[in-house]
Amino acid sequence: IIGITRKYEMITLDDIHFLNTREPGTPFSFFKYIFWNNDIDISTPNGKRIFEHEMVHVREYHSHDKLFLQLILVAGWINPFFWMIRLELQMIHEFIADKKSIGEKDSAAFAELILQTTYPQYNYLLSNPFFQNSIKRRLTMINKSQHPGMNYLSRISALVMAACILLAFTLKP
C-alpha cells in the first residue's frame, strides 16, 4: 500500500484520499484511502456504485476491524475459531457495504456488477470458480427477500414441519 501511494498521484476529497491506479486487485479501500482502477469509469452508474461501496467501507471503519482481528490472530494464530471469525467478519463487511450501496436501487444490476468485477474476462475453464462461497453468499444476500412477513411465515412453516416429523417418529401406534 505504501508503494502504491508513492507511485500514483493522490487526490484528497474531504478527508478521503483517492488514488487512481493501474494495480491489479483495485478498487479497494484501506482506512481513509480508496485505490481506484483507471479502467473503471467513475462517472458511469456502475462506477458510482463501486465507489459508493468503497465509501461505505471507509465510513464504517472496516479497516479498523480487520486490523484489530489481525492483531488478535498474531497472539492466537493456532486457534481455528479466530480464522473463521476473520472470514465471517470479511463477509459481514461486504454484506454491509453491499446493502448500503444498493439502498433502494436495482439489486439485480448490482449482483451483475459483482460478477463482472469478480470475473472481468471469463475464460472457459475446466472448473467454474462461481461457486466460491463468498461470491455465492453475497449474491444470495443481495437477492434475499426484504419482506419480513414472508421470512416470518417461512420460519413458522419450518417449525410446524419439524414438529410433525418429530411427532411422527416419537409416537407409537
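The values are calculated or read from the model by the stated rules, or taken from the named source; none is laboratory data. As the structure is a computational prediction, the values presented were derived from the model and not from experiment. Here the Cβ is made from the backbone with ideal geometry for all residues, glycine too, and neighbour counts use every protein chain on show. Heads up: the accessible areas ignore ligands, DNA and RNA and are worked out on the full protein's heavy atoms, side chains in. Shrake-Rupley method; radii C 1.70, N 1.55, O 1.52, S 1.80 Å.
Scan region 74-90 residue by residue and report those that are assigned to a helix (DSSP H, G or I) and more than 24 Å from Tyr33 (Cα to Cα).
Val74, Ala75, Pro80, Phe81, Phe82, Trp83, Met84, Ile85
At pLDDT below 70 and under 23 Å from Pro24 (Cα atoms): is that true of Phe110 in this structure?
It is true that Phe110 is at pLDDT below 70 and under 23 Å from Pro24 (Cα atoms).
Any residue in region 71-98 that's more than 16 Å from Ile135 (Cβ to Cβ): show its pairings with residues that are in a loop (DSSP other than H, G, I, E, B) and open to solvent by less than 60 Å² (accessible area, probe 1.4 Å) at Cβ separation under 6 Å, as long as the two are six or more apart or on different chains.
Phe82/Gly76
I'd like to check which strands (runs of 3 or more DSSP E) are fully inside region 10-50 and have at least 2 residues that are without any contact (Cβ under 8 Å) to a residue 40 or more places away in the chain, open to solvent by less than 70 Å² (accessible area, probe 1.4 Å) and closer than 18 Å to Lys100 by Cβ.
28-30
Go through (1) within 17 Å of the chain's Cα centre (by Cα); (2) more than 20 Å from Met141 (Cβ to Cβ) one by one and return the number of the condition Arg86 breaks.
Status for Arg86: all satisfied but (2).
Could you please find all residues in region 51-101 being exposed (fewer than 13 other Cβ atoms within 10 Å of the Cβ), in contact with a helix residue (DSSP H, G or I) (Cβ under 9 Å, 6 or more places away or on another chain) and aromatic (Phe, Trp, Tyr)?
Trp77
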